[in-house]
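**Student:** Sharing a structure with you now.
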Amino acid sequence: MQKDMQKKKKKPSPKLMTVASTQQITPNMQRITLQGEALANFPQDCEGSYIKLIFNAEGGTDIDFANMGEGQRPSMRTYTIRRISHENQTIEVDFVRHITHDLQCGFAGRWAMNAQVGDQIFIAGPGAIQDLNTDVDWFFMAADMTALPALSAKARLLPADTKGYAVIKVLEQTDVQPLEVPENLEVIWVTEESLEDKVRELDWLDGEVSVWVACEFDSMRALRTYFRNEKEVDRENIYISSYWKQGVSEDGHKTIKQQDAQEYGE
């Protein structure tokens, strides 16, 4: 019976999106607006959730799902819904602009840097990430550029009386961009020192804290040690995740994340 039910379950069909606009918002960040009828059915609260961009083996977006052979599967790259307009059926997705000699590591960034209005790409999703516990006294957020879109979406929805920090590591000073955040959430941009070093420098405020962290794998582990072990923040008050690992493709990073979660007892 259970096997029969599993057979009946179907994965959501890929959704075809069209590039409505593309803009280089800072030297190292490209913003793509995708449009598609399927977005009308996305949840109202999906800003900060993720989608999967779907590529063929060569990093292109021309995929014939119907004639895909046994065991064949496209490559997927995970990105954040920075903003959604149900009225216009559009989502904004930000990409870090970078060149890599490893084709597998650079599928999405290479596509974003060359995308033109009218280009099409399939996506899957959306998938939700853990919400912040907002019933606290203050917030501590930290991200690098890969997680800046997610941080900006989450911070924009925090209560108006929110206080605390949002620490953001960018590649250079010119990558600083305007953010919509509560008045007393102090935004701190980091260029020279590491994300974890800047986080450790800041005064620890009184009261119960909610922590949101997303960044490179090694930085994530250092910050996890700081918040969980040194500051003893309750697990239910922490979202902490790595979005990438230096020199590793997304598939390789996924495997490393799974191993780390098992070792850490997640």
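**Student:** Looking at the calculated P(r) for the chain, what percent of the C-alpha pair distances fall above 34 Å? Mind showing how you got there, number by number?
**Tutor:** Working: 7110 of 35245 pairs.
Considering the chain, 20 percent of its Cα-Cα pairs are separated by more than 34 Å.
**Student:** Another one. Could you rank the peptides 131-137, 72-78 by their average count of other C-beta atoms within 10 Å per residue, with the highest value first? Numbers along the way, then the final one.
**Tutor:** Working: 131-137: 14.1, 72-78: 16.4.
My ranking of the peptides, most packed first, is 72-78, 131-137.
**Student:** Another one. In whole percent, how big is the carbon plus sulfur part of the accessible area of the chain, probe 1.4 Å, protein atoms only?
**Tutor:** Details: 6390 of 14410 Å².
That fraction is 44 percent.
**Student:** If you count only protein heavy atoms with a 1.4 Å probe, what accessible area per residue comes out for the chain, rounded to a whole Å²?
**Tutor:** 54
**Student:** Using θ = phi - 60° and the Karplus form 6.51 cos²θ - 1.76 cosθ + 1.60, what ³J(HN,Hα) does each residue of the stretch 191-196 get, whole Hz, x for Gly and Pro?
**Tutor:** 10, 8, 8, 6, 4, 5
**Student:** Treating the beta-carbon of each Lys and Arg as +1 and of each Asp and Glu as -1, no other charges, what is the dipole magnitude of the chain about its Cα centre, to the nearest 20 debye?
**Tutor:** Values: 29 positive and 42 negative charges, 267 e Å.
Result for the chain is approximately 1280 debye, rounded to the nearest 20.
**Student:** In addition: Going by Cα centres, the stretch 13-48 and the stretch 229-248 are how many Å apart?
**Tutor:** Taking the Cα centre of each part, the stretch 13-48 and the stretch 229-248 sit 27 Å apart.
**Student:** Another question, then. Please give the calculated 222 nm ellipticity per residue for the chain, where each DSSP H segment of at least 4 residues contributes -39500 (n - 2.57) and the sum is spread over every residue; nearest 500 deg cm²/dmol?
**Tutor:** Details: 6 runs with 54 residues, N = 266.
My calculation for the chain gives -5500 deg cm²/dmol from helical runs alone.
**Student:** Cα convex hull of the stretch 80-160: how many Å³ per residue?
**Tutor:** Values: hull volume 11.2 nm³, N = 81.
Dividing the Cα hull volume of the stretch 80-160 by its residue count gives 138 Å³.
**Student:** Just list whichever of LYS52/LYS163; LYS52/LYS231; LYS52/LYS245 have alpha carbons separated by over 29 Å in the model shown. Intermediate values should be presented prior to the final figure.
**Tutor:** Working: LYS52/LYS163 33 Å; LYS52/LYS231 34 Å; LYS52/LYS245 18 Å.
As for pairs spanning more than 29 Å Cα to Cα, those are LYS52/LYS163; LYS52/LYS231.
**Student:** Rounded to whole Å, give me the distance from the Cα center of the stretch 154-168 to that of the stretch 71-89.
**Tutor:** 25
**Student:** How big is the Cα convex hull of the stretch 192-266 in projection, averaged over all directions, in nm²? Show your work: numbers first, answer last.
**Tutor:** Numbers: hull surface 22.1 nm².
Here the figure is 5.5 nm², rounded to one decimal.
**Student:** Would you mind checking which residues have amide H under 5 Å from PHE122's amide H? H placed 1.01 Å from N; only 5 or more apart, or other chain.
**Tutor:** Under 5 Å from the amide H of PHE122: MET17, ILE54.
**Student:** Still on this structure: Which net charge results when you count Lys and Arg as +1 and Asp and Glu as -1 among the other residues whose beta-carbon is under 10 Å from that of GLU208? Display every interim value, and only then the final one.
**Tutor:** Values: positive: none; negative: ASP135, ASP137, ASP206, ASP234.
Overall, the nearby charge balance is -4.
**Student:** What angle, in degrees between 0 and 90 and rounded to the nearest 10, separates the Cα long axis of helix 250-264 from the longest principal axis of the Cα atoms of the chain?
**Tutor:** Compared with the principal axis, the helix lies near 50 degrees.
**Student:** Another one. With the dipole of the chain worked out from charges on the C-beta (+1 for Lys and Arg, -1 for Asp and Glu) around the Cα centre, which of SER210, LEU223, TYR264 lies farthest toward the positive end?
**Tutor:** TYR264
**Student:** Computed over the Cα atoms of the stretch 12-131, what is the convex hull's projected area averaged over all directions, in nm²?
**Tutor:** Numbers: hull surface 32.5 nm².
Over all viewing directions, the stretch 12-131 projects a mean Cα-hull area of 8.1 nm².
**Student:** If you don't mind, another one. Rg and Dmax of the stretch 139-242, Cα atoms, in Å?
**Tutor:** Just the Cα atoms of the stretch 139-242 yield Rg and Dmax of 12.6, 36 Å.
The values are calculated or read from the model by the stated rules, or taken from the named source; none is laboratory data. Everything quoted here is computed from the prediction, not taken from an experiment. Every residue, glycine as well, gets a Cβ built from its backbone with ideal geometry; the counts of neighbours run over all protein chains shown. For accessibility, only protein heavy atoms count, side chains too; no ligands or nucleic acids. Shrake-Rupley method; radii C 1.70, N 1.55, O 1.52, S 1.80 Å.
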